[in-house]
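**Student:** Pasting a structure below so you can have a look.
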């Protein structure tokens with residue numbers, strides 16, 4: 001897949017979830033969720049051709065991990081204080 005179709009920051013699996021999901025640090029949970037759903041639809045492995053399955057699965061897992069790190073007020077607070 002070309003770099004233009006990669007989500008921001010996907011080169012590193014432990015990148016800041018705010019950078020990866022392209023949301024500001026003070027984003028509300030609706031904005032975070034909306035951005036996660038946008039990227040997850042684009043990179044979901046079931047939506048890709050057979051040749052792109054493995055690459056899209058890896059990208060989907062990175063997006064999923066980033067979302068899970070900041071998806072609730074408690075997890076966002078923990079991430080903001082301590083990181084991954």
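The values are calculated or read from the model by the stated rules, or taken from the named source; none is laboratory data. From a predicted model like this one, the values you see are computed outputs, not experimental measurements. In this analysis, Cβ positions are derived from the backbone assuming ideal geometry, glycine residues included, and neighbour counts consider all displayed protein chains.
**Student:** Does residue 79 count as in a helix (DSSP H, G or I), at pLDDT below 90 and touching a helix residue (DSSP H, G or I) at 6+ places or on another chain (Cβ under 7 Å)?
**Tutor:** no
**Student:** With respect to residue 65, determine if the residue is modelled with pLDDT of 90 or more and within 9 Å of the chain's Cα centre (by Cα).
**Tutor:** yes
**Student:** As an exercise: evaluate residue 24 against (1) at pLDDT 95 or above; (2) more than 10 Å from the chain's Cα centre (by Cα); (3) part of a helix (DSSP H, G or I) and give the number of the one condition it does not meet.
**Tutor:** Checking residue 24 against (1) at pLDDT 95 or above; (2) more than 10 Å from the chain's Cα centre (by Cα); (3) part of a helix (DSSP H, G or I), the one that fails is (3).
Yes or no, residue by residue, for (1) modelled with pLDDT under 95; (2) outside any loop (DSSP other than H, G, I, E, B); (3) on the phi > 0 side of the Ramachandran plot; (4) loosely packed, with under 13 Cβ neighbours inside 10 Å:
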position: 9; (1), (2), (3), (4): yes, no, yes, no
position: 15; (1), (2), (3), (4): yes, no, no, no
position: 18; (1), (2), (3), (4): no, yes, no, no
position: 32; (1), (2), (3), (4): no, yes, no, no
position: 37; (1), (2), (3), (4): no, yes, no, yes
position: 46; (1), (2), (3), (4): yes, yes, no, yes
position: 57; (1), (2), (3), (4): yes, yes, no, no
position: 74; (1), (2), (3), (4): no, yes, no, yes
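**Student:** Report, ordered by the first and then the second residue, all pairs with beta carbons closer than 8 Å, sequence separation of six or more or different chains, a first member in the stretch 35-62 that is in contact (Cβ under 8 Å) with a residue 40 or more places away in the chain, and a second member that is surrounded by 14 or more Cβ atoms within 10 Å (Cβ to Cβ) and assigned to a helix (DSSP H, G or I).
**Tutor:** Final answer for the pair search is 56/43; 56/45; 59/43; 62/20.
**Student:** Take residue 53 and tell me if it is at pLDDT below 90, over 11 Å from the mean Cα position of the chain (by Cα), surrounded by fewer than 15 Cβ atoms within 10 Å (Cβ to Cβ) and assigned to a loop (DSSP other than H, G, I, E, B).
**Tutor:** Considered against the rule, which asks whether it is at pLDDT below 90, over 11 Å from the mean Cα position of the chain (by Cα), surrounded by fewer than 15 Cβ atoms within 10 Å (Cβ to Cβ) and assigned to a loop (DSSP other than H, G, I, E, B), residue 53 comes out as no.
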